[in-house]
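Worksheet for the structure shown next.
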Amino acid sequence: MRRLAASLAIGAAPTLVITVVSAAAPVQLASFDNPFSLDAIYGSWGAPFATLTSDPDRFIVRSHEYGSGYKYLGGEFNANGNDTVQLLVTVSEGTAGCLVDLVDANNNGIAFRFYGLTPGNGNNGTNDYTLRMRLSDGIYFTGTGVLDTTRISQMHIEVDPGPTHDYYTASFNDLSLITSVVSTAWTGAGGNAWSASGNWSNGVPNGIDAAASFGSIASGQFNVNVDGGNKTVGAITLDNSTSYTLGGSSALEVLAARSALLDAQRQLADALASANTARADLDRALGAPLPTLGANNR
């Protein structure tokens, strides 16, 4: 998708304030890269017919019947601000339900379960799956019922093939905590109010997990009034040749903008460094100095 293909005029009403803040960075709990081993194994994973293999970039299990393994993560991970568990797995044989339990330093545990995974039904028809579940949708199985995301210290990975007794081959490729994003598109079907659900395709965006997109619309409502109190979005996407204008008396926080700004600044610094290297080469060729490129030359 083209990004920033449209123009966005901010502050049609002079009181609109946009604040850029940082979203929580993803936290990788386990890469499963070689060498990876489990501290304890249970069920069929401990049987003679099971094979557990640590590959360069994944941990592969071939077995049948339910099996699992426990791993102390080697310390306490602080994933504060993230709201979603993301598990990357590959299923190349049979049927596998891939499960993961997370436990904090106070032994509060929550389980995330993804059943019925089969070859060829993953991402874009492949064997690879990107599995996500909000922390709030997990099942608490021990402790107080509240997982301390600032002190995650243990995990338990499992494969449950369900009623079948056939062999399965499944690999665990990555386990991370991330901030989820739910995208919704402006339609303007019911007017110009940001807070009106009828003006959005998938509900009113307001939260770190919300992404607002402004594209081609039939209503012609390109003036958006940010109303009803301060709003927060994880990202804003523009994909239309017509300008949008955001106004209103409420503040709007855009969490992803800081990252984009820093990327642009890094790209500018790299371009200036390359230009100054070329200038130095030209200096030597001409035998006379040229002005150095910098902030005053942009």
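The values are calculated or read from the model by the stated rules, or taken from the named source; none is laboratory data. These figures come from a predicted structure and were not determined experimentally. Glycine also receives a Cβ, built like all others from the backbone with ideal geometry; neighbour counts cover every protein chain displayed.
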For region 208-232: of the residues being of a type in the set (S, T, N, Q) and crowded, with 19+ Cβ neighbours inside 10 Å, which is farthest from residue 181 (Cα to Cα)? 225
1 or more residues modelled with pLDDT of 95 or more and among the charged types (D, E, K, R): qualifying strands (runs of 3 or more DSSP E) within region 112-182: 128-134, 152-160, 168-178
2 or more residues within 25 Å of the chain's Cα centre (by Cα): qualifying strands (runs of 3 or more DSSP E) within region 50-96: 58-63, 67-77, 84-93
Among the residues of region 167-182, is there at least one that is of a type in the set (D, E, K, R) and without any contact (Cβ under 8 Å) to a residue 60 or more places away in the chain? no
Scan region 121-135 for residues that are of a type outside the set (D, E, K, R) and over 16 Å from the mean Cα position of the chain (by Cα) and jot them down. 121, 122, 124, 125, 126, 127
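Collect the residues in region 183-196 that are touching a helix residue (DSSP H, G or I) at 6+ places or on another chain (Cβ under 9 Å) and either assigned to a strand (DSSP E or B) or polar (S, T, N, Q) (or both), keeping them in residue-number order. First the steps, then the outcome.
Initially, region 183-196 is screened for residues touching a helix residue (DSSP H, G or I) at 6+ places or on another chain (Cβ under 9 Å), giving 186-193.
If the condition is that a residue be touching a helix residue (DSSP H, G or I) at 6+ places or on another chain (Cβ under 9 Å) and either assigned to a strand (DSSP E or B) or polar (S, T, N, Q) (or both), then 186, 187, 192, 193 are the ones that fit.
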Considering residues of region 27-44 that are farther than 27 Å from residue 84 by Cβ and surrounded by 17 or more Cβ atoms within 10 Å (Cβ to Cβ) only, the residue farthest from the chain's Cα centre (by Cα): 44
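If you go through region 6-49 one residue at a time, how many are assigned to a strand (DSSP E or B), β-branched (Val, Ile, Thr) and either under 30 Å from residue 244 (Cβ atoms) or at pLDDT below 90 (or both)?
Residues of region 6-49 that are assigned to a strand (DSSP E or B), as a first pass: 8-10, 17-19, 27-30, 40-43.
Pick out the ones that are also β-branched (Val, Ile, Thr) and you get 10, 17-19, 27, 41.
Adding the requirement that they be either under 30 Å from residue 244 (Cβ atoms) or at pLDDT below 90 (or both) leaves 10, 17-19.
Total meeting the criteria: 4.
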Have a look at 277, 232, 242 and point out the one that is assigned to a loop (DSSP other than H, G, I, E, B), among the β-branched types (Val, Ile, Thr) and at pLDDT below 85. 242
Checking 85, 91 in turn, the sole residue that is touching a residue at least 40 places away in the same chain (Cβ under 8 Å), more than 17 Å from residue 58 (Cα to Cα) and surrounded by 17 or more Cβ atoms within 10 Å (Cβ to Cβ) turns out to be 85
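Identify all residues within region 174-188 that are in contact with a Phe, Trp or Tyr (Cβ under 9 Å, 6 or more places away or on another chain) and farther than 27 Å from residue 151 by Cβ; write none if there are none. Even if it seems obvious, please write down each step before you answer.
Keep residues of region 174-188 that are in contact with a Phe, Trp or Tyr (Cβ under 9 Å, 6 or more places away or on another chain), which gives 174-175, 177, 184-188.
Selection gives 184, 185, 186, 187, 188.
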Pairs under 6 Å by beta carbon, first residue more than 21 Å from residue 72 (Cβ to Cβ) in region 41-58, partner acidic (Asp, Glu), six or more apart or different chains? 44/65; 57/33
Does region 53-74 include one or more residues that are over 16 Å from residue 169 (Cα atoms), out of contact with any strand residue (DSSP E or B) (no Cβ under 8 Å at 6 or more places or on another chain) and either modelled with pLDDT under 95 or of a type outside the set (Phe, Trp, Tyr) (or both)? yes
From (1) touching a Lys or Arg at 6+ places or on another chain (Cβ under 9 Å); (2) buried (at least 19 other Cβ atoms within 10 Å of the Cβ); (3) in contact (Cβ under 8 Å) with a residue 40 or more places away in the chain, pick out the condition that doesn't hold for residue 205. (3)
